[in-house]
Amino acid sequence: MNQSIVLGGGCFWCLEAVYQRLKGVTHVESGYAGGTKETANYELVCSGQTDHVEVVRVHFDDALVSLTEILEVFWTIHDPTTPNRQGNDKGPQYRSAIFYQTNEELYLAKKSIEEVASDLYADPVVTELHHLEAFYPAEDYHQDYFIRIGGRNPYCTFVVAPKVQKFKAKFSDKWKSDI
């Protein structure tokens, strides 16, 4: 059955690039969630005027990959202990967040924080848990960014590519080779 979860863990290009390579994921869409305005765009979100988070909506076939596995990858590819920051990306739009749609997703997110994330990190996990009120797709030029631009953008070379390689090294059995 096809399901989806919305995750924020820094720049959406990083998350999108990794989840596109996870077996069982059928589609990944970059976007914005959690803000105070009814609409969001890159310029407004980066200005801090909306309080949105850069996120990805991960669509997956739960017969092939579970939400628990998706969250395990999530904890591995970003640092959930740094508020409003991932590496050199600073601002509230880069905070760690899970936007759940059901009580089961909330339960699994809390369980994953306690059982997986807390074991991976010595510092307290600051990942926010919010009910998904709205998801705003990012502009077209943000979609499939790493696939389209890749090594032509230094940010992708020095930030996105290492996260993809980290994912491949840790989860080689879950690597989707047909991307």
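When ALA40 is tested against the conditions (1) surrounded by fewer than 23 Cβ atoms within 10 Å (Cβ to Cβ); (2) at pLDDT below 95, the lone failure is (1). Residues that are within 21 Å of PRO80 (Cβ to Cβ) and either in contact with a Gly (Cβ under 6 Å, 6 or more places away or on another chain) or without any contact (Cβ under 8 Å) to a residue 12 or more places away in the chain (or both) within region 126-157 comprise HIS130, PHE135, listed in sequence order.
Of the residues in region 63-86, at least one is loosely packed, with under 15 Cβ neighbours inside 10 Å, hydrophobic (A, V, I, L, M, F, W, C), at pLDDT 95 or above and not in a helix (DSSP H, G or I).
Okay, residues lined up against (1) out of contact with any Lys or Arg (no Cβ under 9 Å at 6 or more places or on another chain); (2) among the hydrophobic types (A, V, I, L, M, F, W, C):
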| residue | (1), (2) |
| --- | --- |
| ILE77 | no, yes |
| PRO83 | no, no |
| GLY91 | no, no |
| GLN101 | yes, no |
| GLU104 | yes, no |
| GLU128 | no, no |
| GLY151 | yes, no |
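Listed conditions (1) in contact with a strand residue (DSSP E or B) (Cβ under 7 Å, 6 or more places away or on another chain); (2) closer than 16 Å to VAL18 by Cα; (3) surrounded by 21 or more Cβ atoms within 10 Å (Cβ to Cβ); (4) not aromatic (Phe, Trp, Tyr) are all met by HIS52, apart from (2). Determine if region 70-93 includes at least one residue that is over 21 Å from LYS168 (Cα atoms), in contact (Cβ under 8 Å) with a residue 40 or more places away in the chain and touching a strand residue (DSSP E or B) at 6+ places or on another chain (Cβ under 6 Å). Yes - at least one qualifying residue is present in region 70-93.
Taking every residue in region 101-125 that is within 18 Å of VAL6 (Cα to Cα) and pairing it with any residue that is assigned to a helix (DSSP H, G or I) and of a type in the set (D, E, K, R), at least 6 positions away or on another chain, the pairs with Cβ-Cβ distances below 8 Å are SER112/GLU72.
Results for (1) small (Gly, Ala, Ser); (2) under 16 Å from the mean Cα position of the chain (by Cα), shown as yes or no for each residue.
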site	(1), (2)
ILE113	no, yes
GLU128	no, yes
PHE135	no, yes
HIS142	no, yes
PRO154	no, no
VAL160	no, yes
SER177	yes, no
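A single entry from ALA138, ALA122, ALA134 fulfils the requirement of being small (Gly, Ala, Ser), buried (at least 19 other Cβ atoms within 10 Å of the Cβ) and over 14 Å from ARG21 (Cα atoms): ALA138.
The values are calculated or read from the model by the stated rules, or taken from the named source; none is laboratory data. Not measured: the values here are computed from a predicted model. No Cβ is skipped: glycine too gets one built from the backbone with ideal geometry, and neighbour counts run over all protein chains shown.
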